Amino acid sequence: MDRRDFFKKSILTGVAAGAAMTFGDFRKIFAGKVPPPGPPAGYDLVAVKDGEPIQMFDKAIASLGGMKAFVKPNQTVVVKPNIGWDTSPERGANTNPDLVKRIIEQCYSAGAKTVYVFDNTCDSWNKCYENSGIQKAVKDAGGKLVPGNSEGNYQQVSVKNGKKLKEAKVHELILSSDVFINVPVLKSHGSSIITASMKNHMGIVWDRRYWHKNDLNQCIADFAGYRKPDLNVVDAYRVMTKRGPRGVSEEDVVLMKSLILSKDIVAADAAAAKMFGSEPADVSYIKLASEAGIGSMDLTKLSINRIKM
Amino acid sequence: MQFLFLKKIRVVVSLIFFLFTVFVFVDFTGVLASRLIRALLYLQFIPSFLKFIDVISVAAAGFLFILLITLFFGRVYCSTVCPLGTLQDIFIWINKKIRIKNRIRYTRPQNGIRYTVLGLLVLVCCFSSIFFINLLDPYSLAGKIFSNLLRPLVYMGNNLLSRIFQLFDSYSVYSVPVKIFSWPPLVFSFFFLTLIIFLAVYKGRWYCNTLCPAGTLLGIFSRFSFFKIRIDETACTSCGNCVKACKSTCIDVKEKKVDFSRCVACYDCFASCPEKGIGYKTAFFNRKERKEEAMDAGTIVTNNMSSRPLSALSVLCGKNEFPANLSKRNFFKTTILGTTALLSAKTVFGESAGSQGISAVPVTPPGSVSIWHYTANCTACHLCVSVCPTKVLQPTFMEFGLSGMFQPKMDFHAEYCNFECVKCSEVCPTGAIFPITKEQKATLQIGTSKFIKNICIVVTKFTACGACSEHCPTKAVEMVPYLGTLTIPKVDEKICVGCGACEYACPTKPDKAIYVEANSYHRKAQKPKKKIGENKKTMKPTDDFPF
């Protein structure tokens, strides 16, 4: 989809959303006529451990029906890893480059037209892109790496149902791409305990300071409901268990060799919190988002595929 | 002998130096290696001279080469290496192309102003101040013009291009934010540029022969040049063509004399003479040449050069911190200057000192040793501002006091210092910022973070924040338990390097709840802690899934 189509689609989506709101959950309307979306097995969440990033992802995505279940031919995809810091892959502050590379490759295999990758970084964006190894990974996979440093690329949107965050400036690629794949890395965080899928969204908006200033956890939860990713891939290969989210040295990192995939952003974070050693309910924004009905943090009610390599 | 080819060489060489210098000041890609930048700015006279006083080494001896060349051929520097000289030449050239009437004629030397300015400058220097140099050094003035005026224009042009590319779904041209946080340097540069254009058009190289300290000093040396440009009195028909060609207005056709102390060695006069009667002659040509009086300036140069090195720097900043040694004389010089500079800073901006959330003195970049060393050596060329990838380095107006006008500071409201970057230290041509390695920088403390608890979001709004701790590269700012599940910043000043990431990230307005207080003398920080508590609950590779 290109820019012109985007506006057309925005209007249509608005109409559709309005209709959905009027008639309630539209899936119920079409129940019985349209086969339920998702893979035959219908897993809500897939967790993999003891493998290398590429192999783990291949196995996990296959169990969700393959990338074809998410990306249709000729669609545009935006992959949003965490590239926030000017550190090496070994430090675990940014998403594993191999994983990012594999996701892009899979998207193209599924027929994607263009796969964009970007992050609104904390450290200087060009150094982050380069030293995280993600620049090379994207280039090798044929993806399009987009700088996230220009305010002109962010568009003002209103956040419906937001309690503290009523509006935000969101990167146009998030708004214009057909498919949004969120690829955070699991890390410790000084004030929100962990950072994973939902907190990774801080890199698709322009003004992060506003969030920090106006109840960080509530803002994270508010925004999680704005544009739910079509797929969340939580990289837990190298996990920064302390001094996050930037970390100081490789001593902060534990080799966990795991991966979580879920369409449910709250469930993905809940599982990540468990792996990290925290209760999901203790992580304020997970609880808030779950309460707001954005997703489910109760892992016992989900169908989970647990894979050991 | 006339050597007409000299002009062609001069034009080519000057354009190479000029274009390169302009590029260095407007480039945002960082494509040029620091070594290359250093090499090409090696010959900048005043920066090299200042650096040489501090680091007596070949690495800073560029000005000696210039002096040597001057002793042979006159002020070659002024028409080749000096970017301000070439800038004026460009305006003079444009003026010649578009105007019918050339107004430039012989003028009498402004020796009164020239030597007063130079003398005053030397005097102020003896009282260890850089004042006048930061306002008069031609390289630094050109730098200010390129960095403050041209660079934003280049960025804006690039950003326009970036938008156009994006319309075609190409992100290959990335945009570069134009970060201007202080207007006086821009306004000053604009007025100076206007002035220099006016002077170039109406008075030729007036600036170089009246106010420029490098021009005046080199002029003194060029009085003793072995080769000088002279009029062959037997050939001269007093047609006056050379007078019209001379942008230094130093050819007196009545007396058939060239004031070589004002000649910038542009060689424009050579081709203008129909009789081929003007050109380089040895010092012994035209015997009636009267003897010039030796000037005192030379003595000052030798005085400074003979200072004995003292490893004051190494003492202050740990072993082998810097490859440079400060001379004892200079150490005192910088101390005295710094005190005066700081006094003036405090008297001018006394109200800001000690107020909440603002460092009493500006933070100086890593490698600048101390505020005294920095303010005594920085000519405010703004090269560091240009090459700084984050633009944490921002030009000031009077924050360093009157004598430190326009010197850049670390502005943590603009950005923060990249932990892995030492670019400014690598390119600084004056030695105000000494070269440091990334390893040295990792423990170099330019200031320390101060936490103002009562305005912190966690306290005032009772919500989580932690932006400061997030950005901290050494975890000197750590989130510790506060009330309930809330955590609050705690600063360990021993491992803080003063990069300003916390101050930049802090969302409180207008005062930041955490800010960097400058270290007047940069210190050595401890390395970040090695062993800290394990998270025992974390899933181990051997464990099963915890869900």
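The values are calculated or read from the model by the stated rules, or taken from the named source; none is laboratory data. None of the values given here were measured: they were computed from a predicted structure. When we count neighbours, we look across all protein chains shown, and the Cβ atoms used for this are built from the backbone with ideal geometry, even at glycine. Accessible surface areas use protein heavy atoms only, side chains included; no ligands, DNA or RNA. Shrake-Rupley method; radii C 1.70, N 1.55, O 1.52, S 1.80 Å.
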Enumerated strands (runs of 3 or more DSSP E) restricted to the range A:188-306, each holding at least 3 residues that are under 16 Å from the mean Cα position of the chain (by Cα)
A:231-240, A:253-262
Any chance A:GLY203 is crowded, with 20+ Cβ neighbours inside 10 Å, modelled with pLDDT under 95 and more than 8 Å from chain B (Cβ to nearest Cβ):
no
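Answer yes or no as to whether A:GLN135 is touching a strand residue (DSSP E or B) at 6+ places or on another chain (Cβ under 7 Å), away from chain B (no Cβ under 11 Å) and assigned to a helix (DSSP H, G or I).
Details: touching a strand residue (DSSP E or B) at 6+ places or on another chain (Cβ under 7 Å): yes; away from chain B (no Cβ under 11 Å): yes; assigned to a helix (DSSP H, G or I): yes.
Yes: the conditions hold for A:GLN135.
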Conditions (1) in a loop (DSSP other than H, G, I, E, B); (2) of a type in the set (A, V, I, L, M); (3) crowded, with 20+ Cβ neighbours inside 10 Å; (4) in the same structural domain as B:GLN440 (by TED's automatic domain parsing) -> B:MET479 fails only (1)
Picking from B:THR487, B:THR538, which residue would you name as being more than 30 Å from the chain's Cα centre (by Cα), more than 21 Å from B:GLU439 (Cβ to Cβ) and in the same structural domain as B:CYS456 (by TED's automatic domain parsing)?
B:THR487
Quick one: count up the residues across the range B:47-77 that are touching a Phe, Trp or Tyr at 6+ places or on another chain (Cβ under 9 Å), closer than 24 Å to B:PHE227 by Cβ and assigned to a helix (DSSP H, G or I).
14
Among the residues of the range A:97-112, is there at least one that is open to solvent by less than 30 Å² (accessible area, probe 1.4 Å), out of contact with any Lys or Arg (no Cβ under 8 Å at 6 or more places or on another chain) and over 30 Å from A:THR241 (Cβ atoms)?
yes
Which one of these is within 11 Å of another protein chain (Cβ to nearest Cβ) and touching a residue at least 40 places away in the same chain (Cβ under 8 Å): B:ALA505, B:ALA464, B:ALA525, B:ALA518?
B:ALA505
Criterion first (open to solvent by less than 10 Å² (accessible area, probe 1.4 Å), within 9 Å of another protein chain (Cβ to nearest Cβ), out of contact with any Pro (no Cβ under 8 Å at 6 or more places or on another chain) and at pLDDT below 95) does B:THR538 satisfy it?
yes
All conditions in (1) touching a strand residue (DSSP E or B) at 6+ places or on another chain (Cβ under 8 Å); (2) in a helix (DSSP H, G or I); (3) within 14 Å of chain B (Cβ to nearest Cβ) are true of A:CYS128 except (1)
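Kindly indicate which of B:SER147, B:SER162, B:SER129 is surrounded by 18 or more Cβ atoms within 10 Å (Cβ to Cβ), not in a helix (DSSP H, G or I) and not assigned by TED's automatic domain parsing to the domain that holds B:ALA376. Walk me through it before giving the result.
Details: B:SER147 fails: not in a helix (DSSP H, G or I); B:SER162 fails: not in a helix (DSSP H, G or I).
Every option except B:SER129 fails the conditions.
Can you find even one residue in the range B:285-292 that is modelled with pLDDT under 85, within 23 Å of B:PHE63 (Cβ to Cβ) and loosely packed, with under 14 Cβ neighbours inside 10 Å?
Of the residues in the range B:285-292, the ones modelled with pLDDT under 85 are B:285-292.
From the residues that got through so far, the ones that are within 23 Å of B:PHE63 (Cβ to Cβ) too are B:292.
With the extra rule that they be loosely packed, with under 14 Cβ neighbours inside 10 Å, the set shrinks to B:292.
Looking for residues that are modelled with pLDDT under 85, within 23 Å of B:PHE63 (Cβ to Cβ) and loosely packed, with under 14 Cβ neighbours inside 10 Å, one finds at least one in the range B:285-292, hence yes.
Restrict the check to the range A:222-233 and report whether at least one residue is more than 11 Å from chain B (Cβ to nearest Cβ), of a type in the set (A, V, I, L, M) and open to solvent by 10 Å² or more (accessible area, probe 1.4 Å). Before you say what the answer is, go through the steps one by one.
Residues of the range A:222-233 more than 11 Å from chain B (Cβ to nearest Cβ): A:222-233.
Going one step further and asking which of them are of a type in the set (A, V, I, L, M), we end up with A:224, A:231, A:233.
Then keep just the ones that are open to solvent by 10 Å² or more (accessible area, probe 1.4 Å); that gives none.
Within the range A:222-233 (the criterion being more than 11 Å from chain B (Cβ to nearest Cβ), of a type in the set (A, V, I, L, M) and open to solvent by 10 Å² or more (accessible area, probe 1.4 Å)), the answer is no, since none of the residues qualifies.
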Among B:SER403, B:SER449, the single one that is modelled with pLDDT of 95 or more and either assigned to a loop (DSSP other than H, G, I, E, B) or away from chain A (no Cβ under 13 Å) (or both) is B:SER449
Pairs, first outside the structural domain of B:PRO184 (by TED's automatic domain parsing) in the range B:399-411, second of a type in the set (D, E, K, R) and open to solvent by less than 20 Å² (accessible area, probe 1.4 Å), C-beta under 7 Å, six or more apart
B:PHE406/B:LYS144
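Step by step: first the residues of the range B:165-212, then only those that are of a type in the set (Gly, Ala, Ser), crowded, with 18+ Cβ neighbours inside 10 Å and more than 30 Å from B:ARG99 (Cβ to Cβ), then the one that is farthest from the other protein chains (Cβ to nearest Cβ). Which residue is that?
My answer is B:SER182.
For the range B:406-422, give me each residue that is within 11 Å of another protein chain (Cβ to nearest Cβ) and open to solvent by 30 Å² or more (accessible area, probe 1.4 Å). Steps first, please.
Here is the first cut: in the range B:406-422, the residues within 11 Å of another protein chain (Cβ to nearest Cβ) are B:415-421.
Answer for the range B:406-422, where residues must be within 11 Å of another protein chain (Cβ to nearest Cβ) and open to solvent by 30 Å² or more (accessible area, probe 1.4 Å): B:PHE419, B:GLU420.
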Testing A:GLY277 on (1) touching a helix residue (DSSP H, G or I) at 6+ places or on another chain (Cβ under 6 Å); (2) modelled with pLDDT under 95, one condition comes back false. Which one is that?
(1)
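Scan the range A:50-64 for residues that are open to solvent by 40 Å² or more (accessible area, probe 1.4 Å) and in contact (Cβ under 8 Å) with a residue 12 or more places away in the chain and report the count.
Applying the first criterion (open to solvent by 40 Å² or more (accessible area, probe 1.4 Å)) to the range A:50-64 yields A:50, A:52, A:54-55, A:58-59, A:62.
The next check asks that each one be in contact (Cβ under 8 Å) with a residue 12 or more places away in the chain; those that pass are A:50, A:52, A:54-55, A:58-59.
Of the residues in that region, 6 qualify.
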Residue count, the range A:234-277, condition open to solvent by 10 Å² or more (accessible area, probe 1.4 Å), closer than 19 Å to A:ARG102 by Cβ and at the interface with another protein chain (Cβ under 7 Å from one of its Cβ atoms), comes to 2
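Has the range B:432-442 got at least one residue that is without any contact (Cβ under 8 Å) to a residue 24 or more places away in the chain and of a type outside the set (Val, Ile, Thr)? Let's see the steps before the verdict.
Step one: list which residues in the range B:432-442 are without any contact (Cβ under 8 Å) to a residue 24 or more places away in the chain, which gives B:437-439.
Right, trim to of a type outside the set (Val, Ile, Thr) and you get B:438-439.
Yes, because at least one residue in the range B:432-442 is without any contact (Cβ under 8 Å) to a residue 24 or more places away in the chain and of a type outside the set (Val, Ile, Thr).
Kindly indicate whether any position in the range B:480-500 is touching a residue at least 40 places away in the same chain (Cβ under 8 Å), within 9 Å of chain A (Cβ to nearest Cβ), at negative phi and in contact with a Lys or Arg (Cβ under 9 Å, 6 or more places away or on another chain).
Here is the first cut: in the range B:480-500, the residues touching a residue at least 40 places away in the same chain (Cβ under 8 Å) are B:491, B:493, B:496-500.
Pick out the ones that are also within 9 Å of chain A (Cβ to nearest Cβ) and you get none.
Taking every residue of the range B:480-500 in turn, none turns out to be touching a residue at least 40 places away in the same chain (Cβ under 8 Å), within 9 Å of chain A (Cβ to nearest Cβ), at negative phi and in contact with a Lys or Arg (Cβ under 9 Å, 6 or more places away or on another chain).
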Members of the range A:278-309 that are open to solvent by less than 50 Å² (accessible area, probe 1.4 Å), away from every other protein chain (no Cβ under 12 Å) and aliphatic (A, V, I, L, M)
A:ILE286, A:ALA289, A:ILE294
Right, B:LYS8: of a type outside the set (A, V, I, L, M), farther than 28 Å from B:LEU149 by Cα and out of contact with any Asp or Glu (no Cβ under 8 Å at 6 or more places or on another chain) or not?
yes
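Being within 11 Å of chain B (Cβ to nearest Cβ) and in a loop (DSSP other than H, G, I, E, B) is the filter here, so list the residues in the range A:144-171 that pass it. Break it down into steps so the answer makes sense when it comes.
Taking the range A:144-171 first, the residues within 11 Å of chain B (Cβ to nearest Cβ) are A:144-153, A:164.
Within the range A:144-171, A:VAL146, A:PRO147, A:GLY148, A:ASN149, A:SER150, A:LYS164 meet the criteria.
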Among (1) away from chain A (no Cβ under 13 Å); (2) within 32 Å of the chain's Cα centre (by Cα) - the single one B:ASN454 does not satisfy:
(2)
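Would you check if there is a residue in the range A:187-194 being more than 12 Å from chain B (Cβ to nearest Cβ) and open to solvent by less than 10 Å² (accessible area, probe 1.4 Å)? Lay out the reasoning, then the answer.
Initial filter on the range A:187-194 (more than 12 Å from chain B (Cβ to nearest Cβ)): none.
No, that holds for no residue.
Of the residues in the range A:101-125, how many are within 12 Å of chain B (Cβ to nearest Cβ), out of contact with any Leu (no Cβ under 9 Å at 6 or more places or on another chain) and not in a helix (DSSP H, G or I)? Before the answer, list the steps.
Applying the first criterion (within 12 Å of chain B (Cβ to nearest Cβ)) to the range A:101-125 yields A:113-114, A:116-118, A:121-125.
Applying the additional criterion that residues be out of contact with any Leu (no Cβ under 9 Å at 6 or more places or on another chain) yields A:113-114, A:121-125.
Of the ones still in play, those that are also not in a helix (DSSP H, G or I) are A:113-114, A:121-124.
Going through the range A:101-125 one residue at a time, the tally reaches 6.
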